[in-house]
Structure formats: structure tokens, C-alpha cells
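Engineer: Below you will find the structure I want to go over with you.
The values are calculated or read from the model by the stated rules, or taken from the named source; none is laboratory data. Note that the structure is predicted; figures quoted are calculated from it, not measured. All Cβ positions, even for glycine, are placed from backbone atoms using ideal geometry, and neighbour counts span all protein chains on display.
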Amino acid sequence: MNIPPIPSLEGLHPLVVHFPIALLFVAPVFVVIGLLRNSAQRSAFLMSAWILMIAGTGAAFVAAFSGEAAARLVRHSAEVTAVLERHEDLAETTRVIFAALTVIFAVLLFGPRLLKRPPGSAVATLLPSIFLLLYCAGMVILADTAHNGGRLVHEFGVHAVMPVQAVRQPLR
């Protein structure tokens with residue numbers, strides 16, 4: 001049995017692009033659940049949310065990096081170029097927004113521990129609520145980024161034209 005070759009950087013984009021979408025859309029669910037739990041369970045859910053944000057933000061950087069490589073192989077028309085540029089701009093904005101949100105959440109999560117002062121109940125509820133509103137705005141940008149990527153594939157049939165790297169032998 002032959003194992004298929006590892007895709008080139010250009011070929012990674014379709015494989016990794018769904019990870020930031022899934023991880024970054026699930027993270028706020030853990031924040032909400034954490035806010036609704038007692039203090040013993042709250043920390044575990046909020047820490048899980050932060051880990052999902054880190055993984056999702058990292059995956060967004062990998063997706064954007066591989067997408068830039070894949071874009072160099074795409075055959076462009078004027079309409080495709082316009083959507084591709086919009087997708088690339090949104091991807092950059094998405095990376096910046098979620099990197100900032102991940103850092104902000106880390107400050108909310110670890111700030112009181114570092115200051116050795118537990119936040120008051122109003123602050124413990126108000127700041128995460130404001131954070132969730134900002135996060136929802138980021139999710140709208142992420143969804144728009146994904147939508148434009150989906151348009152490229154499903155509306156325009158865009159895909160990276162891969163150079164032939166290996167001839168596959170039939171399975172026996």
C-alpha cells in the first residue's frame with residue numbers, strides 16, 4: 001500500500017482552513033458555559049476556551065500562510081481577483097483580531113491571579129460579557145472570510161493548480 005505524498009504548502013490550505021473556523025466558533029461556547037458554572041467548574045471551562053482560542057488563532061495563521069502560497073498558483077480573472085483580494089484582506093484582519101482577542105482573554109483569565117486579587121462579581125461577569133460581544137464581532141469577520149473563500153471554490157471553481165510531485169502507483 002502506497003501512502004500518498006505529504007501535500008506541498010499550497011496543498012495544505014484546503015486541509016487546514018476549517019480548523020480555525022471550527023475552533024474559534026466553539027471557544028465562546030466554553031466561555032458562556034464557564035460563566036454559567038460555579039467557581040470550581042468555571043476555571044476549567046474558561047481555560048478550555050483559551051486553549052481553543054490559541055489553537056484556532058494558530059490555525060488561522062497556518063491557513064493564511066498556506067492560502068497565500070495557494071493564491072500564487074490560481075489562474076485569475078478580474079472577478080476572481082476581486083474576491084481573492086477581499087478574502088486575503090479579511091484573512092489578515094481575522095488573524096489580527098483573534099490574536100488580540102486571545103491575548104485579551106488571557107489577561108481576563110490570568111490578570112486577577114497575577115494581581116492576587118479576585119475580581120468582584122460585577123467585574124467577573126461584565127468584562128467577560130463585553131469580551132463576548134467583541135468576540136462575536138470577530139466571528140462575523142471570520143464568517144465573511146470563510147464565505148469569500150467558499151465563493152472562490154464553489155462559485156468560481158478556483159483551486160490551486162498543483163505541480164505533479166509524484167506519480168502514484170495503484171494500490172494492490
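Engineer: Please find, within the range 37-80, the residue that is modelled with the lowest pLDDT out of those that are over 15 Å from A22 (Cα atoms) and among the hydroxyl-bearing types (S, T, Y).
Structural biologist: S39
Engineer: Now for a different question. Residues to consider are V167, V123; find the one that is in a loop (DSSP other than H, G, I, E, B), at pLDDT below 85 and among the β-branched types (V, I, T).
Structural biologist: That would be V167, the only listed residue that is in a loop (DSSP other than H, G, I, E, B), at pLDDT below 85 and among the β-branched types (V, I, T).
Engineer: Identify all residues within the range 96-147 that are aliphatic (A, V, I, L, M), in contact with a Pro (Cβ under 8 Å, 6 or more places away or on another chain) and touching a residue at least 40 places away in the same chain (Cβ under 8 Å); write none if there are none.
Structural biologist: L132, M139, L142 - these are the residues of the range 96-147 that are aliphatic (A, V, I, L, M), in contact with a Pro (Cβ under 8 Å, 6 or more places away or on another chain) and touching a residue at least 40 places away in the same chain (Cβ under 8 Å).
Engineer: If you don't mind, there's one more thing I want to ask. Among the residues of the range 22-33, what is the count of those that are in contact (Cβ under 8 Å) with a residue 24 or more places away in the chain and over 18 Å from the mean Cα position of the chain (by Cα)?
Structural biologist: Counting residues in the range 22-33 that are in contact (Cβ under 8 Å) with a residue 24 or more places away in the chain and over 18 Å from the mean Cα position of the chain (by Cα) gives 1.
Engineer: Still on this structure, please answer the following. Just give me the residues in the range 8-21 being over 15 Å from the mean Cα position of the chain (by Cα) and surrounded by fewer than 16 Cβ atoms within 10 Å (Cβ to Cβ), in sequence order.
Structural biologist: Selection gives S8, L9.
Engineer: May I ask you to verify whether L12 is assigned to a helix (DSSP H, G or I), modelled with pLDDT under 95 and either more than 17 Å from G150 (Cα to Cα) or not basic (K, R) (or both)?
Structural biologist: yes
Engineer: Give me a count of the residues in the range 106-129 that are under 29 Å from H18 (Cβ atoms) and surrounded by fewer than 14 Cβ atoms within 10 Å (Cβ to Cβ).
Structural biologist: 3
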